[in-house]
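> To start, I am sharing the structure in question, which I have written as C-alpha cells.
The values are calculated or read from the model by the stated rules, or taken from the named source; none is laboratory data. Source: prediction; values computed, not measured. Cβ coordinates were reconstructed from backbone atoms using ideal geometry, including for glycine residues, and neighbour counts include every protein chain displayed. Note: accessible area is taken over every heavy atom of the protein model, side chains too, but ligands, DNA and RNA are not part of it. Shrake-Rupley method; radii C 1.70, N 1.55, O 1.52, S 1.80 Å.
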Amino acid sequence: MPTEVLSTHTAAAFRVAVRRAAGLLRAGQVVALPTETVYGLAANALDARAVGRIYEVKGRPAHNPIIVHVASLEMARRCVARWPELAGKLARAFWPGPLTLVLPRASQIPDIVTAGGPTVGVRWPSHPFIQAVIRECGFPLAAPSANLSSRLSPTTAEYVRVQLGRAIPLIVDGGPCQVGIESTVLDLAAAPPRVLRPGMIHAASLAAVMEEVPSPESGVRNPEAALRSPGLLPKHYAPKARLVVRGWRNDAELKAHISTLGFDSDAAHVIAHSRIPSGAGLGSVSLIPHDPEAFARAIYAELHRCDEAGAGLIVVEALPETAEWRAVADRLERAAAP
Ligand code: TXA
Ligand code: MG
C-alpha cells in the first residue's frame, strides 16, 4: 500500500489534510503529522489498539512510554490525575510549545501509552496542523517521533517517508520543523522536578518560571535517572554513519582526527559552525550558523543528508558548553554513543 502524502500549503489543502488525518485517526489508524519540534507518528491516545500500531510501526520497545499531545488546558487536565499549580504556571509560560510535562496519569490513559508506568507525558504543540487535527478529533494524540526506533527524528515529511513510507497510510507535509529537536521533558511527578530530556526550553528558562532550579538532567550524564525515561538511554537519535564531535584549529588538525579514527578523508562529512574547513579532499562540508536555535533547526536534516550521501564518518564541530547549547550537545552525545 503506497503511503499518501498530503501538503498543507494552501488553506484548502490544509482543510483537506486535517479531515483526512482525523478520519484515519478516528478509525484507529496511525498517521505522521508535523509538529514544531519533529514529525510525530500519531494515534488516538485513548485507543490502546491504535497506540499498539505505533509500537509495531516504529519497532519501539514496549517499556518506552509515549507523549500525549493536546490542544487545550482542559484536555491536558483530563489526561492527568493531578494538575499542580506549577503545571499551570509552566503551561501559561511555555504552551503551546516544545515542553512536555510528566504528571501522574489519569485512569482514561491506557497502560500502553505510559508503558505501564504511573505517569504520563503531556504536551500542547504549537504547530497549527497538529492543533487543528486534535481539535477535529476531540481526543488527545499519542505521538512519538516518526522514525524507526533509535534512528534520527525526522524534521521533514520526506525523511518520514524514507523511514516509514509504506508502513503507514498517510504523511502530512507541514514543512520543515521550526524547532528541529525534540521537546524538553520535565518530570513534575518527581520531587524536586527534574529535566529528563533537555530541549530548546532550557533549564534557565524553566527556573525563571519555577522559582527553583530543576534537578540536573538525566540520560547520558545521569544513567540512574535514565531508567525513569527509557528513551533517554544513550544511543538514541543516531545516524547510520559513525558520528564524532571534535574541535580543530585548522584543516590539518581536522584531517588528523579523521585519520586517527581510521577513515579516509573522502568518507568523512563535516558539519561546522565556526572553523570552516576548505573542503578539499573531504566527503562534504556543511555549515550551520553559530547560533543554538539555527543549529537545532538544521542538525537532523544535515545528519540525514550525510547518511544519504553514504558518509562513513560524520565529524561535527564541538559546541560551546553554555546552557543554550545544552540540548543540541545532548543529541550529539547520544548520536555519538558507541
Ligand atoms: O518533541 C517531541 O517531544 C516529539 C514530538 C512528536 O512531540 N516527540 C518525541 O517523542 O520526541 P519520543 O517518543 O520520540 O520521545 C519521548 C521521550 C522518550 O524519551 C520517553 O521515554 C519520554 O519522552 N517519556 C514519555 N512519557 C514519559 C513518562 N511518562 N515518563 C518519563 N518519560 C517519558
Ligand atoms: Mg524519538
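> Which of the following residues is assigned by TED's automatic domain parsing to the domain that holds Thr184, buried (at least 23 other Cβ atoms within 10 Å of the Cβ) and of a type in the set (S, T, N, Q): Ser145, Ser72, Ser126? Explain how you work it out, then say what you get.
Working: Ser72 fails: buried (at least 23 other Cβ atoms within 10 Å of the Cβ); Ser126 fails: buried (at least 23 other Cβ atoms within 10 Å of the Cβ).
From the options Ser145, Ser72, Ser126, the qualifying one is Ser145.
> Moving on. Here is a list of conditions, (1) in a loop (DSSP other than H, G, I, E, B); (2) at pLDDT 95 or above; (3) touching a strand residue (DSSP E or B) at 6+ places or on another chain (Cβ under 7 Å), and Pro289 meets all of them except one; can you say which number that is?
(3)
> So, in the stretch 99-156, exactly how many residues are among the β-branched types (Val, Ile, Thr) and under 16 Å from Pro65 (Cβ atoms)?
9
> Taking the criterion of being closer than 21 Å to Gly97 by Cα and within 18 Å of the chain's Cα centre (by Cα), would at least one residue in the stretch 51-58 satisfy it?
Scanning the stretch 51-58, I find no residue that is closer than 21 Å to Gly97 by Cα and within 18 Å of the chain's Cα centre (by Cα), so the answer is no.
> Would you point out which residue out of Ala272, Ala337, Ala280 is modelled with pLDDT under 95, more than 15 Å from the chain's Cα centre (by Cα) and open to solvent by less than 20 Å² (accessible area, probe 1.4 Å)?
Unique residue meeting the criteria: Ala337.
> Scan (1) open to solvent by 20 Å² or more (accessible area, probe 1.4 Å); (2) at pLDDT 95 or above; (3) hydrophobic (A, V, I, L, M, F, W, C); (4) more than 9 Å from ligand 1 (Cβ to nearest atom) for the single condition Val179 breaks and write down its number.
Only one criterion is unmet by Val179, namely (4).
> Show the residue pairs that are 6+ apart or on different chains and have beta-carbon atoms under 8 Å apart, the first residue being within the stretch 95-111 and more than 17 Å from Val209 (Cα to Cα), the second being at pLDDT below 95 and part of a strand (DSSP E or B).
From the stretch 95-111, no pairs qualify.
> Out of all the residues in the stretch 148-173, which are under 17 Å from Val30 (Cβ atoms), within 12 Å of ligand 1 (Cβ to nearest atom) and surrounded by 22 or more Cβ atoms within 10 Å (Cβ to Cβ)?
Within the stretch 148-173, Ser153, Pro154, Val160 qualify.
> Among the residues of the stretch 112-123 satisfying the criterion of being touching a residue at least 60 places away in the same chain (Cβ under 8 Å) and open to solvent by less than 30 Å² (accessible area, probe 1.4 Å), which is farthest from Leu25 (Cα to Cα)?
Gly121
> Taking the conditions exactly as written (under 22 Å from Ile168 (Cβ atoms) and open to solvent by 10 Å² or more (accessible area, probe 1.4 Å)), does Phe139 satisfy them or not?
Against the criterion (under 22 Å from Ile168 (Cβ atoms) and open to solvent by 10 Å² or more (accessible area, probe 1.4 Å)), Phe139 qualifies.
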